[in-house]
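Student: Following this message is one structure expressed as structure tokens.
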Amino acid sequence: MDVIYPAAPQFLLMGPTYAKALVAPALVYSTSPRWKFPFAPHDVGTYPQANGQVYGGGEDSKNEADMMPVEESANLILLCAAIARMDGNAEFASRWWPQLTRWEAYLEKYGEDPQNQLCTDDFMGHLAHNANLSVKAILAIAAYGELCKMRGDDGSAAKYAMLARQNARHWMKMAGDGDHYRIAFDRPGTWSQKYNLVWDRLLKLNVFPPEVARNEVAYYKQVLQKYGVPLDSRTRLTKTDWCLWSATLTDEREDFEAIVNPIYDYLNETTARLPFVDSYVTDNRASDGMRARPVIGGVFIKMLEDPAIWKKWASRDRFHLGQYAPAPKPPRVTEVVPTSRKDSATWRYTTSHPAHEWTRPDFDDGSWREAPAGFGARGTPGIRVATNWDTPDIWMRREIQIPTGVDPAAVQLFLYHDEDAEIYIDGVLAARESGYVTTYQAVEIAERARPHLKPGAKVTLAVHCHQTGGGQGIDVGLVDVRESE
């Protein structure tokens, strides 16, 4: 969602259908019983599998600070309000009203003065009392009020508009630093781009007095480098998309060009021959950074400032969407041969390439070491490491017994892997998974291996995991997977 948010202006120009398609997956996911947090999700999985958030510890995270709770909650409310502005009604937002209401309540409690957490600029690390993030939360509360108004609830609309303006006045006192506003409330002598302020103008919310944007723009011109305005006082790095958002705060064309022209100069003069970058160092024409990302859609945001231009382009979309499919109920997953998530299971293992027949049940693994799982590097997210493994490869074997009463057709592997894993049952390849995960996942067993899963039978699990860099871990069990009743 923190990439979809800066990309959204391009999709908003293309019309309601595209904008709705952009945010619908996160909204649908938020209705699932799997999403138990009072704030909006960051992602729905790792492409191409939309099987649950992975960022910040995913669905099992115990630390909100590793996610983006204020960021994502405000993002979805603001984008739903922008869609409603295009549609002229709040029908789309109303489909997810319980979720939007929950997120507004979260922003009321935590958004005005955000705790030490991440925002979309997560490459800069955690930041408490983030003034720009606070702006986003305040404007999202006002946007929620606008949605209430479109739904015919004038009382709530007035309530949230008043609350947002009260928060804005408090923000000005807390963030004020002479002729500009700080990066964080408790950091005098600092500054940052307040690009989130642009929604006050685009959605006609009128929450912050006009002088806030004017003061910010004037200060950006003071700190301007040869190739643009840095993101904030901590760095010379900038974000192309955010600079265009900040430029849209200007009242005069010459001020807009003062912020945008250096970006053109960088793109024209840089020696980095890359697709359109969205990050670079503002005093180094040779620098490069993140490139060819969807966030470049954010450079179209100036076109949303003019209602006539916005309508001209978005009105070409005349497609009428039907209903969205509801989030499916999660299946019932029961461990029948436990992994080592709670109690460590013992495996034999080696980090030296074994003989070719190592997967067979009659292979002599007496020379292999014996140790409890999971195997991996301590600190790898999503796995409880009992035995350190820090080499590129590990080979593991374990004899298990299939419980009586188990339906072999319902049995799947239950697997944590970082990175590539191959799993064999009695010498037959049962599954091959590439890449890495951050939580245990059920994996289908190949049909050729399934006949070995007879209730009461003893079988040999053999596993090979290959690692290239970063965290690493491997653990395997079996689960019974059934549809929820």
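None of the figures in this text is laboratory data; all of them are computed from the coordinates on show. None of the values given here were measured: they were computed from a predicted structure. Neighbour counts are summed over all protein chains in view; Cβ atoms, including those assigned to glycine, are modelled from backbone coordinates with ideal geometry.
Student: What list of whole percents do you get for P(r) of segment 338-402, with Cα-Cα distances grouped in 10 Å bins up to the one holding the largest distance?
Tutor: 20, 50, 27, 3
Student: Using the Cα atoms of segment 332-482, I'd like the radius of gyration and the largest Cα-Cα distance, Dmax, both in angstrom.
Tutor: Gyration radius and largest Cα-Cα distance of segment 332-482: 14.2, 41 Å.
Student: Kirkwood Rh over Cα pairs of segment 199-244 into Stokes-Einstein at 20 °C, 1.002 mPa s: D in µm²/s?
Tutor: 180
Student: Quick one: angle between helix 210-222 and the longest Cα principal axis of the chain, in degrees between 0 and 90, rounded to 10, please.
Tutor: Rounded to the nearest ten degrees, it is 80.
Student: If you take all C-alpha pairs in segment 4-314, what percent of them are over 28 Å apart? Working shown, then result.
Tutor: Values: 17541 of 48205 pairs.
Tail of P(r) above 28 Å: 36 percent of Cα pairs.
Student: Sort 346-354, 2-10 for me by packing, meaning the mean count of neighbouring Cβ atoms within 10 Å per residue, highest on top. Write out the running numbers ahead of the final one.
Tutor: On the way: 346-354: 16.6, 2-10: 21.8.
Order by mean packing, descending: 2-10, 346-354.
Student: Which whole number of Å³ per residue matches the convex hull of the alpha-carbon atoms in segment 423-468?
Tutor: Numbers: hull volume 4.1 nm³, N = 46.
In segment 423-468, the Cα convex hull volume per residue is 88 Å³.
Student: May I pose another question? Could you work out the Rg to Rh ratio of segment 1-91, with Rh taken as the Kirkwood radius (inverse of the mean 1/r over all Cα pairs)?
Tutor: Details: Rg = 13.3 Å, Rh = 13.6 Å.
Rg/Rh for segment 1-91 comes to 0.98.
Student: A further question follows. Averaging over all projection directions, find the projected area of the Cα convex hull of segment 384-454 and quote it in nm² with one decimal place. Each step should come with its number before you reach the end.
Tutor: Details: hull surface 22.1 nm².
Taking the Cα atoms of segment 384-454, their convex hull projects to 5.5 nm² on average.
Student: What do you get for the angle between helix 16-30 and the principal long axis of the chain? Use alpha-carbon atoms, 0 to 90 degrees, nearest ten.
Tutor: 50
Student: Give the angle, between 0 and 90 degrees and rounded to the nearest 10, that separates the Cα long axis of helix 97-110 from the longest principal axis of the Cα atoms of the chain.
Tutor: Taking the Cα atoms of the chain, the angle to 97-110 is about 70 degrees.
Student: Taking the dipole about the Cα centre of segment 332-482, with the C-beta of Lys and Arg at +1 and of Asp and Glu at -1, give me whichever of P381, P354, C465 is farthest to the positive side.
Tutor: P381
Student: What per residue convex hull volume, in Å³, comes out for segment 88-165 when only alpha-carbon positions are used? Each step should come with its number before you reach the end.
Tutor: Details: hull volume 7.7 nm³, N = 78.
Convex hull volume per residue, Cα atoms: 99 Å³.
Student: In addition: What does the charge add up to near G435, with Lys and Arg as +1, Asp and Glu as -1, over the other residues with Cβ less than 10 Å from its Cβ? Before the final figure, lay out each step's value.
Tutor: Values: positive: none; negative: D418, E419, D420, E433.
Here the count lands on -4.
Student: Dividing the Cα radius of gyration by the Kirkwood radius, what Rg/Rh value follows for segment 251-307? Kindly include the intermediate steps, with their values, before the conclusion.
Tutor: Numbers: Rg = 12.7 Å, Rh = 12.6 Å.
Here the Rg-to-Rh quotient is 1.01.
Student: Treat every Asp and Glu Cβ in the chain as -1 and every Lys and Arg Cβ as +1, leave all other atoms uncharged, and give the resulting dipole magnitude about the Cα centre to the nearest 20 debye.
Tutor: Details: 53 positive and 63 negative charges, 180 e Å.
I would put it at about 860 debye.
Student: Moving on to the next point. From the C-alpha coordinates alone, can you work out the Kirkwood hydrodynamic radius of segment 66-122, in Å?
Tutor: Working: mean 1/r = 0.0828 Å⁻¹.
That comes to 12.1 Å for segment 66-122.
Student: Which whole-number percent is the relative contact order of the chain (Cα, under 8 Å, 6+ apart)?
Tutor: Working: 992 pairs, mean separation 61.7, N = 485.
Relative contact order for the chain comes out at 13 percent.
Student: Determine, at each q value in 0.11, 0.17 (inverse angstroms), the log₁₀ of I(q)/I(0) that the Debye formula gives when each Cα of segment 236-343 is one equal point scatterer.
Tutor: -0.59, -0.88
Student: Pairs of alpha-carbon atoms within less than 8 angstrom and 6+ residues apart define the contacts here; what relative contact order does segment 1-139 have, in percent? Each step should come with its number before you reach the end.
Tutor: Values: 197 pairs, mean separation 32.8, N = 139.
Over segment 1-139, the number comes to 24 percent.
Student: So what's the net charge close to N130: Lys and Arg +1, Asp and Glu -1, counting the other residues with Cβ under 13 Å from its Cβ?
Tutor: -2
Student: Something else: Please tell me the relative contact order of segment 335-479 in percent, rounded to the nearest whole number, where contacts are Cα pairs under 8 Å and at least six residues apart. Show your work: numbers first, answer last.
Tutor: Details: 363 pairs, mean separation 48.9, N = 145.
The value is 34 percent.
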